[in-house]
Amino acid sequence: MKRVLQTIALGLFVTTIGFWAFKGAHTGWSQNRVPMSKTDEVTGIVYTVYENRYVPGIDLLAGGVGLASALFAVSFLLRPKNKTDQPT
Amino acid sequence: MKKLVITSVITLALAASLHAAPVSFDFKDPKGVNALQFSLDSVLEPIAGTAGGVSGTVSFDPANPAATSGKIVVATKSLVVPNATMTEHMLGNNWLDAAANPEIVFQLSKLEGVSTAGNVTSATATGKFTLKGVTKEIKVPVKLTHLADAFGKRINKPEVKGDLLVLRGEFMIQRGDFGIQPGKNDDKVNPEIKISIAIVGSAPKA
């Protein structure tokens, strides 16, 4: 059980960092819509349009790494398998 | 010959008076470009968003810009920031309470310090700004750019005549002055909000 928790924690840690980095390593809050600037040719007005896509931010990174750390810490509270239970 | 001269003078005078008459510009943009932009400092990064639900009319006379009058309205529920949860909180009861306060309004009272260079008029707009049900008088430095006969070009129908009026301005407000979490969460969300406008009004000619 201890080894299983540690494996899950490691997997969560790597997946979270990988997903965050792959999606642009955004160092602000997560975004559900991404702002992009455009210019109206006739008036010269610069305006914002939004592209609906998810960009993970520091909040997701902190949550994933935090949960992975917690699972890893909990794994140390579990008692190791009793060696006397093993068949002789 | 005398008749022709008199007719010409009357026609020119009529044309001049028509040209000098104030024109009403509708700020509900057919291309959906109009938006108010806002930003405020916050933990981690500034919170920046837009509000696309702009409407209202401005009466503008290129020959007498000081006589400009009008009102710009922004639908509160049109305010968005890139994070959906933040948008929900911003429009909720604790912040803007968009359900109870559906409109943000600037009612122009007067233009002061008016100067015109070419088709650009610079001035300070004094008016009543209403946010979350609280109305306060504010002064906003503005630039009004009159684009004569540009309406048709903008909607890709050059045969349609009409003018455009571009309104630009930027000002700061204290959110606490408008009952938005006064004195609260100042360490997380700056009490000062920067508001920028760059919007266009249309006046098609029938």
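Could you check the range B:62-77 and list, in sequence order, the residues that are open to solvent by less than 30 Å² (accessible area, probe 1.4 Å) and either free of Cβ contacts under 8 Å to residues at least 24 places away in the same chain or not hydrophobic (A, V, I, L, M, F, W, C) (or both)?
Passing the criteria: B:65, B:68, B:70, B:76.
So, residue B:98, is that one in a helix (DSSP H, G or I), more than 14 Å from chain A (Cβ to nearest Cβ) and of a type in the set (Gly, Ala, Ser) or not?
The answer is no for residue B:98.
What are the residues in the range B:137-151 that are surrounded by 14 or more Cβ atoms within 10 Å (Cβ to Cβ) and either among the acidic types (Asp, Glu) or more than 21 Å from the chain's Cα centre (by Cα) (or both), if any?
Matches in the range B:137-151: none.
Residues in the range B:170-180: is at least one under 20 Å from residue B:68 (Cα atoms) and either in contact with a Leu (Cβ under 7 Å, 6 or more places away or on another chain) or part of a strand (DSSP E or B) (or both)?
yes
For the range A:24-76, which residues satisfy the criterion of being aliphatic (A, V, I, L, M), assigned to a loop (DSSP other than H, G, I, E, B) and more than 9 Å from chain B (Cβ to nearest Cβ)?
A:25
If I ask for residues that are open to solvent by 30 Å² or more (accessible area, probe 1.4 Å), within 14 Å of another protein chain (Cβ to nearest Cβ), assigned to a strand (DSSP E or B) and of a type outside the set (A, V, I, L, M, F, W, C), which ones from the range B:45-61 would you list?
Listed by number, the list is empty, since nothing qualifies.
Residue-by-condition table, conditions (1) away from chain A (no Cβ under 13 Å); (2) over 23 Å from residue B:22 (Cβ atoms); (3) surrounded by fewer than 18 Cβ atoms within 10 Å (Cβ to Cβ):
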site: B:161; (1), (2), (3): yes, no, yes
site: B:166; (1), (2), (3): no, no, no
site: B:182; (1), (2), (3): yes, yes, yes
site: B:191; (1), (2), (3): yes, yes, no
site: B:201; (1), (2), (3): no, no, no
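Restricting attention to the range A:1-26, and to residues there that are in contact with a helix residue (DSSP H, G or I) (Cβ under 6 Å, 6 or more places away or on another chain) and without any contact (Cβ under 8 Å) to a residue 60 or more places away in the chain, which single residue is least open to solvent (accessible area, probe 1.4 Å)?
A:16
Which of the following residues is more than 14 Å from chain A (Cβ to nearest Cβ) and out of contact with any strand residue (DSSP E or B) (no Cβ under 8 Å at 6 or more places or on another chain): B:70, B:127, B:92?
B:92
Output the residues belonging to the range B:93-134 that are among the small types (Gly, Ala, Ser), open to solvent by 30 Å² or more (accessible area, probe 1.4 Å), on the phi < 0 side of the Ramachandran plot and more than 17 Å from the chain's Cα centre (by Cα).
Once the filter is applied, which keeps residues that are among the small types (Gly, Ala, Ser), open to solvent by 30 Å² or more (accessible area, probe 1.4 Å), on the phi < 0 side of the Ramachandran plot and more than 17 Å from the chain's Cα centre (by Cα), the range B:93-134 yields B:99, B:100, B:115, B:117.
The values are calculated or read from the model by the stated rules, or taken from the named source; none is laboratory data. As the structure is a computational prediction, the values presented were derived from the model and not from experiment. Counting neighbours? That spans all protein chains shown, and the Cβs are built from the backbone with ideal geometry, glycine included. Calculation scope for accessible area: heavy atoms of the full protein, side chains included, ligands and nucleic acids excluded. Shrake-Rupley method; radii C 1.70, N 1.55, O 1.52, S 1.80 Å.
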